[in-house]
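Visitor: My questions will all concern the structure given below.
The values are calculated or read from the model by the stated rules, or taken from the named source; none is laboratory data. All of these numbers come straight from a predicted model, not from anything done at the bench. FYI the Cβ positions are ideal-geometry reconstructions off the backbone, even for glycines, and counts take in every protein chain you see. In case anyone asks, the SASA skips ligands and DNA or RNA and just uses the protein heavy atoms, side chains included. Shrake-Rupley method; radii C 1.70, N 1.55, O 1.52, S 1.80 Å.
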Amino acid sequence: MNADTLPTTDALRTALAGLLDGLPPKQAAQAVERLIANYRGTTPTGTPLLRDRSDVAAYAAYRMPATFEAVRAALDALADAAPGWAPASHLDVGGGTGAAVWAADATWAEPRTTTVLDWAEPALALGRELAERSGLPALRTVDWRRARIGTPLALPDTDLITVSYVLNELTERDRGALVTDVARAARAVVIVEPGTPDGYLRIIEARRQLIGAGLRVAAPCPHDGACPIEPGTDWCHFAARVARSSLHRQVKGGSLPYEDEKFSYVAAVRFEPRPVRNRVIRKPQIRKGQVLLELCTPSDGLRGETVTKRHGELYRAARDTAWGDPWPPPDTV
């Protein structure tokens, strides 16, 4: 993690710590389990899933750190592909309690105007409360607005639009309409979905729409061509490490202090990006004297690369390379 993100990360952790005060642990765990079951359902819901403050508090304490880390990773990849660019305005569609707003604050130091749209008033209210607790100037000026996602939205022209963990809640028709709306309004679009086969398919369809609307892919792909993964054989996704709270351990069991949030994403822009030369799309395999990398490339599709000790500096770089990183690292090119 970039050290510059630590103040925002710490502020989020502190703000979330007090959410469950007075809420019995068993009730919090039950609320989280019910909401997880709903979010994993295959039928889009017709009513907000977050009904009241206890629902929102439990789910935010459980899910917001993971959403923050996934979106932050996607925004970091966008920032790497657009050096020198920073959004002066940010619209978070379906943003709930505002994890993507926190992620943007962790990514860019420059000031920006920010609006969060969501149709669950309890989520917006808690997002506003968390932002006030943060002590971070960029978060305390966020505009929290109620809007029904999935209906036509008159979105203003905006530098950055984020849509995270939202498409699964919409019908196929409404997903297409939303992506069309954000593509028309934004200079940069970042869409994040769960790192599942279905989440990947939603991302691939959104990517196709964004390219069709004239945007260029900035990340994770090193190209604007068709995804080289054969449909039904695999899916493109990444992982972000998340510190586990006591609520995480209570709901999921286990004793590890962390878990890995799997996510799929696309970042696309209306200006010329600098995508990576190749992207590491699987966890590198470290063997004795060698590192095995699985890469997505602009010209060769998917290919493996073996880096050995005889590669010297490149081998040392490969040992430090993580899933989702560019290859080769920019400082070795």
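Visitor: Could you run through the range 206-225 and say how many residues are part of a helix (DSSP H, G or I), in contact (Cβ under 8 Å) with a residue 40 or more places away in the chain and open to solvent by 30 Å² or more (accessible area, probe 1.4 Å)?
Guide: So the answer is 1.
Visitor: Run down L160, L78 and say which single residue is at pLDDT 95 or above, in contact with a strand residue (DSSP E or B) (Cβ under 6 Å, 6 or more places away or on another chain), of a type in the set (A, V, I, L, M) and in a strand (DSSP E or B). Talk me through it step by step, then tell me what you get.
Guide: Values: L78 fails: in a strand (DSSP E or B).
Unique residue meeting the criteria: L160.
Visitor: What are the pairs, 6+ residues apart or on separate chains, where a residue within the range 118-146 that is over 15 Å from A99 (Cβ atoms) has its Cβ under 6 Å from a residue that is among the aliphatic types (A, V, I, L, M) and at pLDDT 95 or above?
Guide: R145/L117
Visitor: Across the range 83-131, which residue is farthest from the chain's Cα centre (by Cα) among those that are closer than 13 Å to T141 by Cα and in a loop (DSSP other than H, G, I, E, B)?
Guide: Of everything passing the filter in the range 83-131, P111 is farthest from the chain's Cα centre (by Cα).
Visitor: Check whether at least one residue in the range 90-107 is open to solvent by 40 Å² or more (accessible area, probe 1.4 Å) and modelled with pLDDT of 95 or more, and report yes or no.
Guide: no
Visitor: Only residues that are aromatic (F, W, Y) and crowded, with 24+ Cβ neighbours inside 10 Å: list them for the range 65-89, please. Before the answer, list the steps.
Guide: The first filter runs over the range 65-89 and keeps only residues aromatic (F, W, Y), leaving 68, 85.
Matches in the range 65-89: F68 only.
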